[in-house]
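Visitor: Questions regarding the structure given below will be posed in turn.
Just so it is clear, none of the values below were taken in a lab; they were calculated from the coordinates. The structure displayed is predicted, hence computed values, not measured ones. So basically every Cβ, Gly included, is an ideal-geometry build from the backbone, and we count neighbours across all protein chains shown.
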Amino acid sequence: MMEHKLRLGVNIDHVATIRNARGGSFPDPIRAALLAAQAGADGITAHLREDRRHISDSDITRLTNEVNLPLNFEMAATEEMLGIALRHRPHAACIVPEKREERTTEGGLDAKSGFDKLKPCVEKLLDAGIRVSLFIEADPEQLDAVKALGAPVIELHTGAYCDETGPKRDAELARIVKAAAYADQLGLECHAGHGLTYDTVKPIAEIPSIRELNIGHFLIGEAVFCGLAEAMEKMRSLMDEARTGKK
Ligand code: PXP
């Protein structure tokens, strides 16, 4: 299996969560994205939710116009979000579940049951030159569904792995390791994310076929104590140590 550089995508949603708690314009998620770019992020991730609970439409416009990094636009597979994605043409679109019925029991997008609804959305995004990924559980049936949909990328949901402890966490990790190897076999580029922290990132970063980690909540939380650049630097060095085996 070929070893690839591991990219760090910084999710800035929760800067917007804090802003929206008071209304107004502070703190500014675009300022966080610019800071992340300066501190060496490989990409910015933002989820425009249907209820706009954090990122707003104008945040997406500003991220597109003002930040010189690939934008990974997280979206539900709805007509509204598809229209917004086609208008902005981000580097990538990651299709995520927002409603219960779009989810598997673990929490990833149910690409298998939702195949017919997802297919036209994936096709239109691909036709527009947007790199499409689907945020799924580490389940071979879900990977097969993504392959059949024609999307080139999966993002494996690391939430259950991060939430568990002891042997249950080991079992979740084993599932992710197996799915990442299967993605490689299918020719799907593999990303991972959700809930990753300094304590949980290394075993995921060690998986050689994973090309990108998208991390938000923990980094933004740590930034309160040490600043975003320092939090990112520590995360990046843990990722590098895991990848190279060097301290
Ligand atoms: N990847 C995807 C697809 C997500 O939906 C999220 C959460 O918005 C993340 C990564 C980042 O998760 P966290 O904020 O827990 O680091």
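Visitor: Is any residue of the stretch 27-58 close enough, with backbone N under 12 Å, to a label point placed 7 angstrom from the Cα of Leu86 along the Cα-Cβ axis, and if so, which?
Guide: Taking a point 7 Å out along Cα→Cβ of Leu86, no residue of the stretch 27-58 has its backbone N under 12 Å.
Visitor: Could you give the size of the charge dipole of the stretch 76-168 about its Cα centre, using +1 on the Cβ of each K and R and -1 on the Cβ of each D and E, expressed in debye and rounded to the nearest 20?
Guide: Roughly 360 debye for the stretch 76-168.
Visitor: Give the value in nm², to one decimal: projected area of the alpha carbon convex hull of the stretch 130-247, averaged over all directions.
Guide: 7.8
Visitor: Starting from the Cα gyration tensor of the stretch 1-154, multiply each eigenvalue by 5, take the square root, and state the resulting semi-axes largest first in whole Å.
Guide: Taking √(5λ) for each eigenvalue gives 26, 18, 15 Å, largest first.
Visitor: Right, next: With springs only between Cα atoms under 10 Å apart, run a GNM on the chain and tell me which of Gly166, Gly221, Gly195 wobbles the most.
Guide: The residue that fluctuates most here is Gly166.
Visitor: With just the Cα atoms defining each centre, how far is the stretch 2-63 from the stretch 109-129? Give it in Å.
Guide: If you average the Cα positions of each part, the centres end up 24 Å apart.
Visitor: List the aspartates and glutamates whose Cα sits under 13 Å from the Cα of Lys246, skipping any in the same chain fewer than 8 residues away.
Guide: Answer for Lys246, where 13 Å is the Cα cut-off: Glu206, listed by chain and number.
Visitor: Right, next: Going down the list Lys112/Lys147; Lys99/Lys119; Lys5/Lys247, which pairs span over 20 Å between their C-alpha atoms?
Guide: Distance filter (> 20 Å) returns an empty set.
Visitor: What ranking, highest mean first, results for peptides 65-76, 87-98 when packing means the other Cβ atoms within 10 Å averaged over each residue?
Guide: Per-residue Cβ counts within 10 Å, averaged per peptide and sorted highest first, yield 87-98, 65-76.
Visitor: Oh, and also: Taking θ as phi - 60°, what are the ³J(HN,Hα) couplings along the stretch 128-142 by the Karplus curve (6.51, -1.76, 1.60), each to the nearest whole Hz, with x for Gly and Pro?
Guide: 7, x, 8, 6, 9, 10, 10, 8, 10, 6, 7, 10, x, 5, 5
Visitor: Inverting the mean 1/r over all pairs of different Cα atoms, compute the Kirkwood radius of the stretch 146-197 and quote it in Å.
Guide: For the stretch 146-197, the Kirkwood estimate is 11.6 Å.
Visitor: Order the peptides 210-216, 115-121 from the highest to the lowest mean number of other Cβ atoms within 10 Å of their residues.
Guide: Packing order, densest peptide first, comes out as 210-216, 115-121.
Visitor: Multiply the residue separation of Ala229 and Asn68 by 0.36 nm, subtract the distance between their alpha-carbon atoms, and state the gained length in nm to one decimal.
Guide: Additional length available on full extension: 56.3 nm.
Visitor: Using only the alpha carbons of the stretch 207-247, determine the length spanned along each of the three principal axes and report them from longest to shortest in whole angstroms.
Guide: Each principal axis gives a Cα extent; for the stretch 207-247 these are 31, 21, 11 Å.
Visitor: How far apart, in nm, are the 7 Å Cα→Cβ label points at Lys247 and Arg169?
Guide: 2.0
Visitor: Now for a separate question. Peptides 52-60, 138-146: what's the order by average Cβ count within 10 Å, highest mean first?
Guide: Highest mean packing first, the order is 138-146, 52-60.
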